[in-house]
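Beneath this line is the structure, given in C-alpha cells, with notes to follow.
The numbers here are math on the coordinates, done by the rules we state, and not lab data. Since this is a predicted model, take the numbers as computed values, not measurements. Here the Cβ positions follow ideal geometry from the backbone for every residue, glycine too, while neighbour counts run over all protein chains shown.
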Amino acid sequence: VGGSPGHESPGPGDKKRVKRSHLPKQFVVGISYAARIPLRSVALALQGSDSDHAQDALRVLDIVLRQQQAKRGCLLVRQSFFSDDSRNLVDLTGGVSGCRGLHSSFRTTMNGLSLNMDVSTTMIVTPGPVVNFLLTNQNVRDVRDIDWPKAKRMLKNLRVKATHNNMEFKIIGLSDQPCSRQTFPMKVRSGSSEGQTVDITVEEYFKSKQVFLEKPYLPCLDVGKPKRPNYLPIELGNMISLQRYTKALSSQQRTTLVEKSRQKPQDRMRVVTDAVKSNRYDDDPIFSSCGIKIDSQLTRVEGRVLSAPMLVVGNSQDCVPFKGRWNYNNKKLFEPVRIERWAIVNFSARCDMSRISRELINCGRTKGIIIEGPYSLVDEDNQARRCAPIVRVERMFEKVKANLPGPPEFLLCVLPERKNCDIYGPWKKKNLHEMGIVTQCIVPSAKMNDQYFTNVLLKINAKLGGMNSKLALEHSRQIPVINKIPTIILGMDVSHGSPGRSDIPSIAAVVGSRCWPLISRYRASVRTQSPKVEMIDSLFKPLDNGKDDGIIRELLLDFYTTSQQRKPEQIIIFRDGVSESQFSQVLNLEVDQIIKAYQNMGQGPPPKITVIIAQKNHHTKLFQADAPDNVPAGTVVDKGIVHPKQYDFYMCAHAGPIVGHLKAHPLSCLA
C-alpha cells in the first residue's frame, strides 16, 4: 500500500519511514488447560437427570461442528456457517448480497442426542471493486456523484485486498484529498547518505512503482492506524468475500430477500439432507472418539392437528377459519368505532389522497365503521422533501394544525416507503408521545384493494378502542380456566435496535388483558431500558416514597378498575424473545418483579402464575412425510423432538406461504 508489498505510506506526523523486516520471526504460543468436560453428562441429561456439565458438553460438540467448517474457509455466524460459493449468493442490490448457508447445533431431545440442521441466511457485502460497491450502494452512475462522507461511514471496518500486491487490509477511513493531491513524507536515499525526507503524492508514489492510476481524482482508502495513516488508492481495492453486512436493509432489499429465499418444503428438506451427507460427520475423529454417529435421514415424529378457533364478529356472526386463516370479507366488526375528526397527511409524491379517503370510507361502511369525510387532505410541500426527517415532520404538523379546526381523533399518514422510512420514527414520536394523537401509517401500493383497506381498518378500529372480534369460546364463556377465576393475561417482549446500533435504547413492552372475563381487550405499557438488554427491569420500580412506578402496577390497576374491582387471582404470562439459556432469568428476575408489584398493591393471597415462553428464532422445521405441502396450520408435536425434561411443545399456528416452509414455534411452560 502506498508502494511495494513491504512498505507503508506514513502519515504527515511520521519523521521517517519504517522498513518492514522480511526475516522470519519466531513466536511462542501458550496453550493452557481449561477444564474437563465429561461427555457422559449428555447421556445423564437425556435420562432426565440434572447435570451441570450437559450444556458445556453440547457446547464442546458445537465447537467441533464450527471447527469443521472453519477449516473449509466458511464464514461462521454463531451456529451457522456460510461458504462463498456463487450459487449461494442472492443479489439484493445496493452492494449487498444474501448468502445462504446452514445452521447446525446439537440438542438433547426425548429421542436422544439430535443434530438440528436447517437452511440459514445472512447478509454480506457483495465482493468486487470498492468503486463498484459504492456506486451500487448509493445508486449513482458516476463516481463524481458519490457522497464521500456517507461512503466513509459505510466502508469503515470493512476489509479489502489490494489488486497490485494481494495484501489484505482493514479500512479505517478515507483520505482528505484525492490521490493526486494527498501527500505523505518519504525518505529519499542518495547514495550511501541518509538522504532527505520529501513530500510525495500517492499518485506519484504508485507511478514510481509502475502502478498507473486511472482515477487519481478519487480519494484513498486509509488502511493504517488512527495515528499512522496508510493510503491505498480506492481503485486498487477489492472487497473481500464473506464480510457480514450488519446495517438495516431497505424495503426493496427486504422484498427481494424474501422472494428469492423462498423454497418449497421438499427443496428445503433436500438441501438439509444433502448437507448432512456431504459433511461426512462420521469421518470426524472427535465424533468417532466420542462414539457419536449421525443418521443421514431426518427424524420421523408423530403430530396432531388442532382445530382452528372460531371467531365471533359483528351481529354475533361466526367467522369460520379456512386453512388457519380468518377472512373479514362481507363481515362487520364486533365493536366498530365512529370516526368524525380525522385527516390524511401525505409525505409521498405518488399518492391519490382523494381515492384513499373515498375507498377507506366505503370499506369502513361495509365493516360497520362510520367514517365522516376527513377534515383535510394535507400534502407536503415539494421544498420540504429535501429537509431532514425531523424538520419535515415539524413542518407537516404545523400545516396540519393550520388546516384543522381542532385536535383530530387520528391521522392517516402516507409514507414514501415501507420499511426503515426516516419519517416514521419522528412522526410517531410527535403524535403519540408529544401530542397523544393516534396515527396509522400506510404506503401507496398497486394492490390497494378492499382487502388492503380492510387490514388498515382492523388496525385503526383497535387503536381507537373498538373490538374487531372475539373468540367464540370467550363469547360463550366456555374457557373454565379463565372464566371461573379472575385472570389477567400478560404479553411481554423487548425490541432492540438494528444490528450495529448499540447506542439505541431497547424498548420493553407489556400488554395486559382488561375487562375480565374478556381476553380480547388489552392495555399496553412501554418503557425504555439499556441497549441490547433482554430482561425487563421496569416491571416493578419502587420510588423513594415507597410507591411503585412499574409496568405491572399500571396494568393491575387497569384490570382492577375494569373488572368489577377484583384483583387477578391468576396470571398467565406469554414471554417472547428469550433463549433457552435465559429461562431461569425470566423466573428469577421478571417473575420476581411481578410478585413484588402484586404484593405492593395490598394484602391478599399470592396469585397463581403460569409462564409460557414462545420462541420464533430457532431452526426446527416440520415437513410432511408423504406430501410435498407444508404441514397444516394447527400442527402440534409434543414428543420425540422435545426436551427430555422440560414441558415444551412445537406448534405451527398459522398457514404457511404457498411456496415456503412452515416454522414450528416451540412453547415452554416454566411455572
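Helix content alone sets the calculated 222 nm mean residue ellipticity of the chain: runs of n ≥ 4 DSSP H residues at -39500 (n - 2.57) each, divided across all residues, give -7000 deg cm²/dmol. Close amide-amide hydrogen proximity is noted between LYS332 and GLY314, each under 5 Å apart and 5 or more residues distant or on a separate chain (H modeled in the peptide plane; Pro and chain starts excluded).
The label-point distance for LYS429 and LYS227, in a model that sets each label 7 Å from Cα toward Cβ, rounds to 3.7 nm.
In order along the stretch 635-647, the phi-based Karplus estimate (6.51 cos²θ - 1.76 cosθ + 1.60, θ = phi - 60°) of 3J(HN,Hα) comes to 5, 10, 10, 10, 7, x, 9, 7, 5, x, 10, 5, 8 Hz; Gly and Pro are listed as x.
When you filter the trypsin sites (Lys or Arg not before Pro) in the stretch 340-369 for DSSP loop state and at most 13 other Cβ atoms inside 10 Å of their Cβ, you are left with ARG350. In percent, rounded to a whole number, the relative contact order of the chain is 11, using alpha-carbon pairs under 8 Å and six or more apart. Short-range pairs are left out: with C-alpha atoms under 8 Å and at least six residues apart, the relative contact order of the stretch 218-318 is 11 percent.
Averaging the Cα positions of each part gives two centres, and for the stretch 200-265 and the stretch 557-572 these lie 59 Å apart.
Computed from point charges on the beta carbon alone (+1 for Lys and Arg, -1 for Asp and Glu), the dipole magnitude for the stretch 128-239 about its Cα centre is near 400 Debye. Restricting the stretch 457-566 to trypsin sites (Lys or Arg not before Pro) that sit in a DSSP loop and have at most 15 other Cβ atoms within 10 Å of their own Cβ leaves ARG477, LYS484, ARG501, LYS532, LYS547, ARG566.
Using the Cβ-Cβ distance between LYS247 and ALA384 with R0 = 35 Å, the FRET efficiency computed as 1/(1 + (r/R0)^6) comes to roughly 0.85. Modelled this way, with points 7 Å down the Cα-to-C-beta line, the labels at ARG153 and ILE63 are 3.9 nm from one another. Can you match Cα extents along the principal axes in Å to one of these, [x] 73, 60, 53; [y] 100, 74, 60; [z] 86, 57, 52, based on a calculation from the structure here? It is the one labelled [y]. If amide H atoms are built 1.01 Å from N in the plane of the peptide, which residues on other chains or at least 5 residues away come under 5 Å of the amide H of GLY497? Placed amide hydrogens put LYS532 under 5 Å from GLY497. Put the Cα centre of the stretch 599-623 next to the Cα centre of the stretch 122-141 and the gap is 45 Å.
Distance from the alpha carbon centroid of the stretch 283-314 to that of the stretch 511-541 works out to 33 angstrom. At an R0 of 35 angstrom, the distance between the Cβ atoms of LYS25 and SER530 translates into a FRET efficiency of 0.20.
Full extension of the chain between ARG181 and ASN165 yields a length gain of 3.5 nm, computed as 0.36 nm times the residue separation minus the alpha carbon distance.
Rounded to the nearest 0.05, the FRET efficiency derived from the C-beta distance between ASP145 and THR561 at R0 = 60 Å is 0.50. With the simple spin-label model, which puts each label point 7 Å out from Cα in the Cβ direction, the VAL438 to THR121 separation comes to 3.5 nm.
With the Cα gyration tensor of the stretch 385-487 giving a ≥ b ≥ c as the square roots of its eigenvalues, does the rule (a/c under 1.5 for rounded; else a/b larger than b/c for prolate; else oblate) give rounded, prolate or oblate? Prolate, since a/c reaches 1.5 and a/b exceeds b/c. When the chain is described by a simple charge dipole with +1 on each Lys and Arg Cβ and -1 on each Asp and Glu Cβ, the residue from GLY491, VAL42, ILE171 located farthest towards its positive end is ILE171.
Out of residues 5 or more away from THR197 or on other chains, whose amide H comes under 5 Å of its own, with H placed 1.01 Å from N in the peptide plane? It is VAL188, by chain and number. Shown here for the stretch 556-627: GluC sites (Glu not before Pro) in loop regions (DSSP other than H, G, I, E, B) with at most 15 other Cβ atoms within 10 Å, namely GLU569.
Coupling constants for the stretch 102-111 follow from the phi torsions by the Karplus curve (6.51 cos²θ - 1.76 cosθ + 1.60, θ = phi - 60°), and in residue order they are 9, 9, 8, 7, 8, 9, 8, 9, 4, 7 Hz; glycine and proline get x. Taken about its Cα centre, the stretch 477-669 carries a charge dipole of about 480 debye when Lys and Arg each add +1 at the Cβ and Asp and Glu each add -1 at the Cβ.
Between the listed residues THR299, VAL198, SER120, the Cα displaced farthest toward the positive end of the dipole of the chain, a dipole computed from Cβ unit charges relative to the Cα centre, is found at VAL198. Computed from point charges on the beta carbon alone (+1 for Lys and Arg, -1 for Asp and Glu), the dipole magnitude for the chain about its Cα centre is near 660 Debye.
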